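Presented below is the structure to which this report refers.
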Amino acid sequence: MEFTEAYKQTGSYAFSSNARFLAVAVDYRLVIRDVLSLKVVQLFSCLDKITYIEWAPDSEYILCGLYKKPMIQAWSLTQPEWTCKIDEGPAGVAYARWSPDSRHILTTSEFQLRLTVWSLVNTACIHVQWPKHISKGVSFTKDGKFAAVCTRRDCKDYVNLLSCHTWEIMGVFAVDTLDLADGQWSPDDSAIVIWDSPLDYKVLIYSPDGRCLAKYQAYESGLGVKSVSWSPCSQFLAVGSYDQMLRVLNHLTWKVFAEFVHPSAVRGPCCAAIFKEVDEKLDMSELSLGDDFFQYSNDNASEAHIQVRYNVLEIPINLPSQKPPADKPNPKQGISLMSWSSDSQYICTRNDSMPTVLWIWDINHLELAAILVQKDPIRMVYVPHVNVWFYVLEAPTYTCGQLQVLIA
């Protein structure tokens, strides 16, 4: 095991889509490094401190959000002399994202006054009035040909369908929501799912022409939907709720065919494997480490010389959980994090009242497959295309996060 030297970083960082480059923000400078050698490939100077970085899908361009200014600057790796500056004037810039073709930038102004599509080819711009959210409410089809933009006007929610070729509005239809939370295209581009705010449990399925295909409501009283996720095959729709349950709908009847509970105590009969993260001392004599690492180890003696492994636990078991206070808003409970395996056979979830526990469910057998109990709260779960490997990113304990690879 070898460690590189430490590089300065004051803001965001992001890997390019082709995994060849790493962009790091250092105050107002954007440093582009080669992933293999970590040598500096390009160095760009922005007009203000960088608060956000996003690579274009083709990895040829990168945008920097200077939200304190506020403005957007874009750079080209293939043409270092080329630059682009986007300034909305008094409207401001609250968020920016790339289009699928990597040749347009979509910005949302302050107070959701408008969403603007900026062309990097002919410098043209197109406006969509009254976007519903700053960073949510925009979804692209898998082929990148169409975009669904959620808007609100006259106290009513709408979905605008835009062509990503001409950026003309192809159609607009109203949706039956009180306060639209978000929307998402299905992976096969055949339907759009819309869900309401947590105050009203409502999941709506629409066709691209605006027909309501289905409406689902699990219950009426209490906080409702917290997260929604399509399976990669588009046959299943997972809905996570504040009642700490995961419900899965099928694409034929749009009815629930599976409900998964997340109890704090797991009792038999249960065939799931339960793994708990533990620390053990690491033999440092077999590792190739530099002087800087040993200096860090001396300064952090309690953190060094430790490696992570997992113990297999027996059922019954009580999982670590926390009860959210009843007198505070936005309770930390319910299913807010979920991720599908590439073949749609498994889905993993996190219940916010048990932030250190990852649940892995088998969709084919409709049962719990495994439970992972981490030391620290789980921040993100990434399931790559190599089935069934789960990458778990935990919240940073000291100065950096931990990356662990587990086989389900």
Need the list of lysines near residue 8 for cross-linking: C-alpha distance under 16 angstrom, and skip anything on the same chain fewer than eight residues off. 39, 49
Evaluate the charge dipole of the chain about its Cα centre and quote only its size in Debye, nearest 20, assuming +1 on the Cβ of each Lys and Arg and -1 on the Cβ of each Asp and Glu. 880 debye
Inter-label distance for residue 315 and residue 114, nm, one decimal - labels placed 7 Å from Cα along Cα-to-Cβ: 5.9 nm
Over segment 101-140, what per residue volume does the convex hull of the Cα atoms give, in whole Å³? 67 Å³
So residue 380 and residue 326, fully extended at 0.36 nm per residue minus their Cα-Cα distance, gain in nm 16.8 nm
By the scheme Lys and Arg +1, Asp and Glu -1, what is the net charge of all other residues having a beta-carbon under 11 Å from that of residue 63? +1
Which residues in segment 205-236 place their backbone N less than 12 Å from a point set 7 Å from the Cα of residue 178 along the Cα-to-Cβ direction? 220-225
Near residue 141, within a Cβ-to-Cβ distance under 13 Å, what is the net charge of the other residues, with Lys and Arg +1 and Asp and Glu -1? -2
So what's the back-of-envelope 222 nm ellipticity for the chain, counting only DSSP H runs of four-plus at -39500 (n - 2.57) apiece and dividing by all residues, rounded to 500? -500 deg cm²/dmol
Under a cut-off of 19 Å between alpha-carbon atoms, report the lysines in cross-link reach of residue 132, not counting same-chain residues fewer than 8 places apart. 156, 202, 226
Here the residues of segment 48-74 lying in the modelled label zone of residue 18, meaning backbone nitrogen under 20 Å from a point 7 Å along Cα-to-Cβ, are 54-64, 74
For segment 142-203, the Cα-Cα pair-distance distribution in 5 Å bins from 0, as whole percents, is 4, 18, 26, 24, 16, 8, 3, 0
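Every number here is computed from the coordinates shown, using simple stated rules; none is lab data. Remember, it's a predicted structure, so these values are computed and weren't measured experimentally. Heads up, the Cβs are rebuilt from the backbone with ideal geometry, glycines too, and the neighbour counts pull from every protein chain shown.
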